[in-house]
Amino acid sequence: MYDALGYALSELKNSNNSKNIIIVTDGDPDNRPGTMNFAKDIQSQGIKIYSIAVGRYLDKDYLVEMVGKKRVFFIKNMNELANTFIKVKEEIQ
């Protein structure tokens with residue numbers, strides 16, 4: 001997740017549009033403290049991060065702390081992904 005955030009941030013650096021990152025995750029980053037700190041740093045730059053967490057055994061508290069309760073979407077499997085992207089899009093607008 002840390003590397004994905006870094007890639008997304010680099011892609012947004014030169015954008016003049018609204019800056020949002022959407023992460024699809026299993027909710028278990030390799031570097032938990034580093035990912036949390038990086039996400040907080042990104043958000044302090046005015047970039048919103050949305051998390052779509054897939055699975056039944058997720059660390060919900062970690063994800064809510066990382067991006068905020070209103071920006072975490074929990075789904076049980078990938079079949080729910082398309083509809084969840086629509087919900088995230090509505091939240092961004």
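The values are calculated or read from the model by the stated rules, or taken from the named source; none is laboratory data. None of the values given here were measured: they were computed from a predicted structure. Here the Cβ is made from the backbone with ideal geometry for all residues, glycine too, and neighbour counts use every protein chain on show. Calculation scope for accessible area: heavy atoms of the full protein, side chains included, ligands and nucleic acids excluded. Shrake-Rupley method; radii C 1.70, N 1.55, O 1.52, S 1.80 Å.
Tell me whether segment 38-47 contains one or more residues that are among the hydrophobic types (A, V, I, L, M, F, W, C), farther than 17 Å from Ala8 by Cβ and at pLDDT 95 or above. Checked segment 38-47: no residue is among the hydrophobic types (A, V, I, L, M, F, W, C), farther than 17 Å from Ala8 by Cβ and at pLDDT 95 or above. Restricting attention to segment 3-34, the residues being of a type outside the set (A, V, I, L, M), closer than 23 Å to Lys76 by Cα and crowded, with 17+ Cβ neighbours inside 10 Å number 3. Residue pairs whose Cβ atoms lie under 6 Å apart, separated by 6 or more positions or on different chains, with the first residue in segment 1-15 and within 18 Å of Tyr62 (Cβ to Cβ) and the second part of a helix (DSSP H, G or I) and open to solvent by 100 Å² or more (accessible area, probe 1.4 Å), do not occur. A Cβ distance below 8 Å, combined with a sequence gap of six or more or placement on separate chains, defines the contacts here; from segment 18-38, residues that are in contact (Cβ under 8 Å) with a residue 24 or more places away in the chain and among the hydroxyl-bearing types (Ser, Thr, Tyr) reach residues that are open to solvent by less than 20 Å² (accessible area, probe 1.4 Å) and outside any helix (DSSP H, G or I) in the pairs Thr25/Ser51; Thr25/Ile52; Thr25/Ala53; Thr35/Pro29.
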